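Report on the following structure.
The values are calculated or read from the model by the stated rules, or taken from the named source; none is laboratory data. Since this is a predicted model, take the numbers as computed values, not measurements. Cβ placement follows ideal geometry from the backbone for every residue including glycine, while neighbour counts extend to all protein chains displayed.
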Amino acid sequence: MTELPRTPSFSLSGKTALVTGASSGIGQGCAVALAEAGAHVVCAARGADRLNDTVAALQAQGWSAEALVLDQGDLGALEQLFLTRSFDIVVNSAGVARHSAAIETTPKDFDVVTSVNLRSAYFLSAYAARALIEAGKPGSIIHISSQMGHVGGVDRALYCATKHGLEGMVKSMAIEWGKQGIRINTVCPTFIRTPLTQSTFDNPERAAWIMEKIKLDRVGEVEDIMGAVRYLASDASALVTGTSMLIDGGWTAD
């Protein structure tokens, strides 16, 4: 009888994951996706209240989770975390946006956005990979990027600069760490309905622009991201590195 191939496992049982920006929105969805698949999830964010609420809700489902108050921009604290713990899976969902016309961007806004979206993402990846290499373990690093890492957008020169930079960073890191079995990828959503994006949806002109560009004729929901993150974290994506999963409703198709 023909021996059939077996579908690789999507289970994360026995794995430990770190999710930054985990207290709400996409980050919270990522934490749910990983915990539901069996991982122990360390949920990290700057503010304790919403973070603790998220972890309590995860634990109420019978999933394994803990809270970690962490300012990802504090590179000393970030490095110390990876000196004391290693994670099989790291999901970076921390991000910030300050949209304006390029000629109105201030140096302060530039520094804030690049510090979170690029600088901290770079060192989070480097510290996570170093810990895995020292432990002799493979791993998966996943960044929540954006479709704006592949196209341009109105009043988004600064945001696009950080996301395009993130995409290039990931490709280079994938080349560097591939032989150690460390995979690094991005998930690139279109506009997802979260508290962070609500001000954009409240602007009729911007909302019309979004709906015109999304071919599937609806905005994204957090649930649209969760399956991609679970896939990239699992053995099902064992040959996937240095690339991006565009979950954009067809935005970048033209």
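Of the residues that make up segment 59-68, is at least one surrounded by 14 or more Cβ atoms within 10 Å (Cβ to Cβ), aromatic (F, W, Y) and without any contact (Cβ under 8 Å) to a residue 60 or more places away in the chain?
Looking for residues that are surrounded by 14 or more Cβ atoms within 10 Å (Cβ to Cβ), aromatic (F, W, Y) and without any contact (Cβ under 8 Å) to a residue 60 or more places away in the chain, one finds at least one in segment 59-68, hence yes.
Please go through (1) in contact with a Lys or Arg (Cβ under 8 Å, 6 or more places away or on another chain); (2) at pLDDT below 95; (3) closer than 28 Å to G149 by Cα for A131 and return the number of the only condition it doesn't satisfy.
All conditions pass for A131, except number (2).
Across segment 124-138, what is the number of residues that are surrounded by fewer than 16 Cβ atoms within 10 Å (Cβ to Cβ) and within 14 Å of G165 (Cβ to Cβ)?
The number of residues fulfilling the criteria is 0.
Yes/no matrix, rows are residues, columns are (1) more than 24 Å from T16 (Cα to Cα); (2) of a type in the set (V, I, T):
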site	(1), (2)
P107	yes, no
V113	yes, yes
S120	no, no
A129	no, no
P138	no, no
I144	no, yes
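Examine segment 189-210 for a residue that is out of contact with any Gly (no Cβ under 9 Å at 6 or more places or on another chain), charged (D, E, K, R) and either crowded, with 21+ Cβ neighbours inside 10 Å or farther than 23 Å from S23 by Cβ (or both), and state whether such a residue exists.
Within segment 189-210 (the criterion being out of contact with any Gly (no Cβ under 9 Å at 6 or more places or on another chain), charged (D, E, K, R) and either crowded, with 21+ Cβ neighbours inside 10 Å or farther than 23 Å from S23 by Cβ (or both)), the answer is yes, since at least one residue qualifies.
Name the single residue that is surrounded by the fewest Cβ atoms within 10 Å (Cβ to Cβ) among those in segment 23-48 being more than 18 Å from T194 (Cα to Cα) and more than 16 Å from the chain's Cα centre (by Cα).
A48
It is to be established whether one or more residues within segment 205-220 are in contact (Cβ under 8 Å) with a residue 24 or more places away in the chain and within 20 Å of the chain's Cα centre (by Cα).
yes
Pick from S100, S93, S115: which is within 21 Å of L166 (Cα to Cα) and within 13 Å of the chain's Cα centre (by Cα)?
Details: S100 fails: within 13 Å of the chain's Cα centre (by Cα); S115 fails: within 13 Å of the chain's Cα centre (by Cα).
Selected residue: S93, the only one of S100, S93, S115 that is within 21 Å of L166 (Cα to Cα) and within 13 Å of the chain's Cα centre (by Cα).
Restricting the search to segment 90-101, which residues are surrounded by fewer than 24 Cβ atoms within 10 Å (Cβ to Cβ) and of a type in the set (V, I, T)?
V96
Does at least one position in segment 211-218 carry a residue that is at pLDDT below 95, on the phi > 0 side of the Ramachandran plot and not in a helix (DSSP H, G or I)?
Checked segment 211-218: at least one residue is at pLDDT below 95, on the phi > 0 side of the Ramachandran plot and not in a helix (DSSP H, G or I).
Would you call A22 in contact with a Ser or Thr (Cβ under 8 Å, 6 or more places away or on another chain), in a loop (DSSP other than H, G, I, E, B), modelled with pLDDT of 95 or more and hydrophobic (A, V, I, L, M, F, W, C)? Please lay out each step first, then the result.
Working: in contact with a Ser or Thr (Cβ under 8 Å, 6 or more places away or on another chain): yes; in a loop (DSSP other than H, G, I, E, B): yes; modelled with pLDDT of 95 or more: yes; hydrophobic (A, V, I, L, M, F, W, C): yes.
Yes; evaluated as a whole, the condition is true for this residue.
Here are A161, A97, A121: which of them is modelled with pLDDT under 95 and within 17 Å of C188 (Cβ to Cβ)?
Numbers: A161 fails: modelled with pLDDT under 95; A121 fails: modelled with pLDDT under 95.
Selected residue: A97, the only one of A161, A97, A121 that is modelled with pLDDT under 95 and within 17 Å of C188 (Cβ to Cβ).
Regarding segment 78-85, can at least one residue be identified that is in contact (Cβ under 8 Å) with a residue 12 or more places away in the chain, more than 18 Å from A31 (Cβ to Cβ) and among the aromatic types (F, W, Y)?
yes
Which pairs have Cβ atoms under 6 Å, sit 6 or more apart or on different chains, and link a residue in segment 18-42 that is over 18 Å from A97 (Cβ atoms) to one that is charged (D, E, K, R) and surrounded by fewer than 24 Cβ atoms within 10 Å (Cβ to Cβ)?
Once the first residue is over 18 Å from A97 (Cβ atoms) and sits in segment 18-42, its partners that are charged (D, E, K, R) and surrounded by fewer than 24 Cβ atoms within 10 Å (Cβ to Cβ) give A33/R230; A37/R230; A39/K15; V42/E66.
Got a sec? Which helices (runs of 4 or more DSSP H) wholly within segment 82-184 have at least 1 residues that are touching a strand residue (DSSP E or B) at 6+ places or on another chain (Cβ under 8 Å)? Give the steps one after another, and end with the answer.
On the way: elements: 107-114, 120-135, 157-177.
Once the helices (runs of 4 or more DSSP H) in segment 82-184 are filtered for at least 1 residues that are touching a strand residue (DSSP E or B) at 6+ places or on another chain (Cβ under 8 Å), what remains is 120-135, 157-177.
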